[in-house]
Amino acid sequence: MHRAAELIWQAVAPILPGFTVEVLPQVDSTNSELMRRARLGQTEPVLLVAGHQSAGRGRLGRQWQSRPGDSLTFSLGLLLRPSDWAGLSLAVGVCLAEALHPEVRLKWPNDLWLADRKLGGILIETASSPGADPGAAARYAVVGVGINLAQQPAAGLSTPPAALRELLPAADAPAALLAVAEPLVRTLQAFETFGFAPFQARFNARDVLCERAVVLSDGTAGTAHGVSETGALLVHTAHGMHAVTSSEVSVRPSA
Ligand code: BTN
């Protein structure tokens, strides 16, 4: 991992001044660690990679479990000041899918999918910080990414997860990190300037829900029709076209 860290630092430091890469054998959660640091005013750009997380966190209060060596877990923390934050996690998904493999697809809002199973997830949290410039609307964004490299235990999951080695048998954490780290930084910088609009068509090209029957967690049924230019999921229901924006809504293909 240390060779990959060095190569990533060499590629990213020129476009992100002050950038560092940190590799920890174990931490509770790379997101929790960077959020703690941000609350203490540490808002320098950093890529924090963990060999193992003892308390990995997912969206909607879920856990993110992985066995050591079987997944890539990292968080990128940096100050961002986009004019609109809508669609940030979708743009990150687009970037990761494109950087990993043509067959990696996206399930709204920001799951990486392979052959109708979950390959990876993204958890974005932000903190205002004493270290952030109060004049601009900058926040410290912590972009957490977990990607399954090998088969994970399926306990408690309705569908067994996918693994990157199904596509790339030699994939390991350093190689996967090397593939995604610089594109991720460039994506966040592009999003800060241009917002989600340039990512809309790229998301829709990999959207697993497109034209499929879906059910929202509130029970509403409909057919998914891609995402809007702000990243809302467009669902055609009995009451017309509905733009689903809440990241607290989960959506699944219906049987
Ligand atoms: C999800 O699919 O619900 C999001 C999963 C995000 C997991 C990653 S692993 C690295 C970072 N640290 C965490 O505790 N979570 C994210």
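Just to be sure, is residue 142 of a type in the set (Val, Ile, Thr), closer than 19 Å to residue 5 by Cα and buried (at least 20 other Cβ atoms within 10 Å of the Cβ)?
Criteria met by residue 142.
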Which listed residue, of 66, 89, 75, is in the same structural domain as residue 148 (by TED's automatic domain parsing), hydroxyl-bearing (Ser, Thr, Tyr), within 21 Å of residue 19 (Cβ to Cβ) and near the ligand (Cβ under 10 Å from one of its atoms):
75
Filtering the stretch 40-52 down to residues that are in contact (Cβ under 8 Å) with a residue 40 or more places away in the chain and within 13 Å of the ligand (Cβ to nearest atom), which residue is nearest to residue 19 (Cα to Cα)?
47
Kindly indicate whether residue 60 is outside any strand (DSSP E or B), on the phi > 0 side of the Ramachandran plot and either within 13 Å of the ligand (Cβ to nearest atom) or free of Cβ contacts under 8 Å to residues at least 60 places away in the same chain (or both).
yes
Can you confirm whether the stretch 97-109 contains a residue that is at pLDDT 95 or above, within 12 Å of the ligand (Cβ to nearest atom) and under 20 Å from residue 51 (Cα atoms)?
no
Where residue 90 falls short, out of the listed (1) closer than 29 Å to residue 38 by Cα; (2) at pLDDT below 95
(2)
Residues in the stretch 63-99 that are more than 13 Å from the chain's Cα centre (by Cα) and outside any loop (DSSP other than H, G, I, E, B): how many?
5
Residue 252 meets each of (1) assigned to a helix (DSSP H, G or I); (2) touching a Lys or Arg at 6+ places or on another chain (Cβ under 9 Å) with one exception, condition (1)
Identify all residues within the stretch 192-228 that are in a loop (DSSP other than H, G, I, E, B) and without any contact (Cβ under 8 Å) to a residue 60 or more places away in the chain; write none if there are none.
210, 211, 212, 217, 218, 219, 220, 228
Among (1) more than 23 Å from residue 100 (Cα to Cα); (2) at pLDDT 95 or above, which single condition is residue 138 missing?
(2)
In the stretch 185-215, residues that are within 30 Å of residue 10 (Cβ to Cβ) and surrounded by fewer than 20 Cβ atoms within 10 Å (Cβ to Cβ) total 9
If you take the residues of the stretch 1-48 that are under 27 Å from residue 68 (Cα atoms) and among the hydroxyl-bearing types (Ser, Thr, Tyr), which of them is surrounded by the fewest Cβ atoms within 10 Å (Cβ to Cβ)?
20
Determine whether residue 189 is part of a helix (DSSP H, G or I), touching an Asp or Glu at 6+ places or on another chain (Cβ under 6 Å) and in the same structural domain as residue 92 (by TED's automatic domain parsing).
no
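The values are calculated or read from the model by the stated rules, or taken from the named source; none is laboratory data. Everything quoted here is computed from the prediction, not taken from an experiment. Positions of Cβ are backbone-derived with ideal geometry, glycine not excepted, and every protein chain shown enters the neighbour counts.
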